[in-house]
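Asker: One structure is given below, represented as structure tokens, and several questions about it will come after.
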Amino acid sequence: MDRIRIIGGAPLKGTIRIGGAKNAALTLMPVCLLTDQVVTLTNIPDLADIRTMGGLLEHMGVHVHLNGADSAEGRILDLNASGLRDTTAPYDLVRKMRASVLVLGPLLARHGQARVSLPGGCAIGTRPVDLHLKALEALGAIIELKEGYIDARVEGRLKGAQVNFPKVTVGGTENALMAATLAEGRTIIENAAREPEISDLATCLRAMGAQIEGIGTGTLTVDGVDSLGGVTHAVVPDRIETGTYALAAAATRGRLTLTGTGMDLTEALVDHMRQAGVVVEEATDGLLIDATGGEVRGVDVMTEPFPGFPTDMQAQWMALMSTASGACMITESIFENRFMHVPELSRMGADINIHGGSAIVRGKARLSGAQVMATDLRASVCLVIAGLAAEGETVINRVYHLDRGYERVEDKLVTCGATIERLSG
Ligand code: UD1
């Protein structure tokens, strides 16, 4: 298993290009199941999760073609589901990635049936899919759970309905939205997630002919249409990759320009960074982060659905706060078990105490390098940030988690002065 070795202590300086959003691409790819025409996605990041979703779609008979090597515009992905022959998402593919469940809504809407393995447990909590299923049932799907699979079908067409999510769910909103585009009549989705990835999905669906109002709000109104056409759509920039490098700049007291991204995607994070004393400014085609002033102060954070502080930035924020002056409280309100990076940060000298869903972090002038273990995607990148900021050598084990969501992370950091390398095997 690959490991990553970092010699920390050097401020990051330079420019990093931000890729397309993993989480947006993962919901845009199943959109191809809603049409027999070609869906072309540009600004596709080169990530393990994208390959997993591509593999799942190919298994179903979708023609998947990824064009070109890495370029300034990212990769281009052509998807054509006109030859679909199988509506099953098998266990072996779903267990690798929970986002596989996003094929459920589109399959039901256009093909009237779907059999999707139930995603198993997950390192950051139980993460059920009950709200996805309730929303699809409201639209007329008949759903049975048997032999570890979600067996879903619909007599005729899905029917527009009122869908009220009792809790904000990104994936649940995506499944309901995709399904509603081809349902008969009007669907109103209340308490919809407002994440930029949802707006990106809705914008793409609209370009295919879907009738959707309320994009970017908590109420999405969808008037079902008979069919959707092809589309060429650029994936929104990755706000979590943006935030991750912004925090790496801050933790190393460096100065980075992040291009191909925007302030509007990361407002909650930017607010908190500014409160902590980090300079964040808009730059041409992106952001400038400057922490060369030296001092970073402890600032409390509570994770919330968008536009609140993202749970996917909580671990990275904790890495920065471990180096801040003063104490702060970090509260995780989305997932129940998302502090697995804490014991690893503690191995690097961080002073963190967990009380239920909150962690008290007392910053230290310097962390020290250590052998640590990545436990999930965002936890692993938090350890990269801590390693870059720490004195001495850090070796991160189980970095395959990192490859699920961060493209060429070592290359991007090396060009900004980091000493970081991958140790194979
Ligand atoms: C998506 C993101 C993930 C991010 C999360 C929250 C993708 C591929 N993943 O995950 O990176 O951390 O949003 O911003 O886009 N819940 C239920 N029942 C359901 C569905 C969700 O109880 O049927 C709960 C979850 O356990 C969690 C909360 O709702 O506590 C939010 O989860 P959700 O927004 O659905 O997360 P994902 O879509 O899985």
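Asker: Consider the stretch 323-336. How many of its residues are away from the ligand (no atom under 16 Å from the Cβ) and not β-branched (Val, Ile, Thr)?
Answerer: Restricting attention to the stretch 323-336, the residues satisfying the condition of being away from the ligand (no atom under 16 Å from the Cβ) are 323-329.
With the extra rule that they be not β-branched (Val, Ile, Thr), the set shrinks to 324-329.
Within the stretch 323-336, residues that are away from the ligand (no atom under 16 Å from the Cβ) and not β-branched (Val, Ile, Thr) number 6.
Conditions (1) in contact (Cβ under 8 Å) with a residue 60 or more places away in the chain; (2) farther than 19 Å from SER380 by Cβ, marked per residue:
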position	(1), (2)
GLY293	no, yes
GLY298	yes, yes
PHE306	yes, yes
LEU320	yes, no
PHE335	yes, no
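Asker: Taking the stretch 125-164, which residues are outside any helix (DSSP H, G or I), among the hydrophobic types (A, V, I, L, M, F, W, C), in contact with a strand residue (DSSP E or B) (Cβ under 7 Å, 6 or more places away or on another chain) and within 16 Å of the ligand (Cβ to nearest atom)?
Answerer: Answer for the stretch 125-164, where residues must be outside any helix (DSSP H, G or I), among the hydrophobic types (A, V, I, L, M, F, W, C), in contact with a strand residue (DSSP E or B) (Cβ under 7 Å, 6 or more places away or on another chain) and within 16 Å of the ligand (Cβ to nearest atom): LEU139, ALA141, ILE143, ILE150, ALA152, VAL163.
Asker: Could you please find all residues in the stretch 299-322 being buried (at least 23 other Cβ atoms within 10 Å of the Cβ) and more than 16 Å from the ligand (Cβ to nearest atom)?
Answerer: ALA319, LEU320, MET321, SER322
Asker: Turning to a different aspect of this structure: When the stretch 6-40 is examined, which residues are found to be surrounded by fewer than 24 Cβ atoms within 10 Å (Cβ to Cβ), under 25 Å from the mean Cα position of the chain (by Cα) and among the basic types (Lys, Arg)?
Answerer: Once the filter is applied, which keeps residues that are surrounded by fewer than 24 Cβ atoms within 10 Å (Cβ to Cβ), under 25 Å from the mean Cα position of the chain (by Cα) and among the basic types (Lys, Arg), the stretch 6-40 yields only ARG17.
Asker: When both residues are 6+ apart or on different chains and their Cβ atoms are under 7 Å apart, which pairs have a first residue that lies in the stretch 366-380 and is under 10 Å from VAL399 (Cα atoms), and a second that is of a type in the set (S, T, N, Q)?
Answerer: Listed pairs, sorted by first residue: MET373/ASN397; ALA374/SER380; ALA374/ASN397.
Asker: Does THR232 satisfy the condition of being away from the ligand (no atom under 16 Å from the Cβ) and in a strand (DSSP E or B)? Even if it seems obvious, please write down each step before you answer.
Answerer: Details: away from the ligand (no atom under 16 Å from the Cβ): yes; in a strand (DSSP E or B): yes.
So THR232 passes the test.
Asker: Do you know which residues across the stretch 102-117 are assigned to a helix (DSSP H, G or I) and open to solvent by 20 Å² or more (accessible area, probe 1.4 Å)?
Answerer: Applying the first criterion (assigned to a helix (DSSP H, G or I)) to the stretch 102-117 yields 102-111.
Within the stretch 102-117, ARG110, HIS111 meet the criteria.
Asker: Can you tell me how many residues within the stretch 212-223 are over 24 Å from the mean Cα position of the chain (by Cα), surrounded by fewer than 24 Cβ atoms within 10 Å (Cβ to Cβ) and either within 22 Å of MET29 (Cβ to Cβ) or hydroxyl-bearing (Ser, Thr, Tyr) (or both)?
Answerer: Residues that pass the stated criteria total 1.
Asker: Something else: Show the residue pairs meeting these rules: Cβ distance below 9 Å; 6+ apart or different chains; first residue within the stretch 10-28 and part of a loop (DSSP other than H, G, I, E, B); second residue at pLDDT 95 or above and within 9 Å of the ligand (Cβ to nearest atom).
Answerer: Note: pairs meeting the criteria are ALA21/GLU197; ALA21/ILE240.
Asker: Related question: So, in the stretch 140-169, exactly how many residues are more than 19 Å from ASP223 (Cα to Cα) and surrounded by fewer than 18 Cβ atoms within 10 Å (Cβ to Cβ)? If you could, list the steps in order and put the result at the bottom.
Answerer: Just the residues of the stretch 140-169 that are more than 19 Å from ASP223 (Cα to Cα), to begin with: 142-153, 155, 166-169.
Going one step further and asking which of them are surrounded by fewer than 18 Cβ atoms within 10 Å (Cβ to Cβ), we end up with 142-148, 151, 153, 155, 166-167.
Summing the residues that are more than 19 Å from ASP223 (Cα to Cα) and surrounded by fewer than 18 Cβ atoms within 10 Å (Cβ to Cβ) in the stretch 140-169 gives 12.
Asker: Of the residues SER424, SER333, only one is farther than 23 Å from LEU265 by Cβ and open to solvent by 10 Å² or more (accessible area, probe 1.4 Å); which? Can you show your working first?
Answerer: Working: SER333 fails: farther than 23 Å from LEU265 by Cβ.
The unique qualifying residue is SER424.
Asker: In addition: Is it fair to say ARG239 is surrounded by 23 or more Cβ atoms within 10 Å (Cβ to Cβ) and within 30 Å of PRO11 (Cα to Cα)?
Answerer: Considered against the rule, which asks whether it is surrounded by 23 or more Cβ atoms within 10 Å (Cβ to Cβ) and within 30 Å of PRO11 (Cα to Cα), ARG239 comes out as yes.
Asker: Which of the following residues is open to solvent by 10 Å² or more (accessible area, probe 1.4 Å), over 24 Å from ILE198 (Cβ atoms) and out of contact with any helix residue (DSSP H, G or I) (no Cβ under 6 Å at 6 or more places or on another chain): GLY293, GLY254, GLY260? Show your work before the answer.
Answerer: Details: GLY254 fails: open to solvent by 10 Å² or more (accessible area, probe 1.4 Å); GLY260 fails: over 24 Å from ILE198 (Cβ atoms).
Exactly one residue qualifies, and that residue is GLY293.
The values are calculated or read from the model by the stated rules, or taken from the named source; none is laboratory data. A quick note: this is a predicted structure, and the numbers were derived from the prediction, not measured. Here the Cβ is made from the backbone with ideal geometry for all residues, glycine too, and neighbour counts use every protein chain on show. For the accessible areas, the whole protein counts, side chains as well, though only heavy atoms, and no ligand, DNA or RNA atoms are used. Shrake-Rupley method; radii C 1.70, N 1.55, O 1.52, S 1.80 Å.
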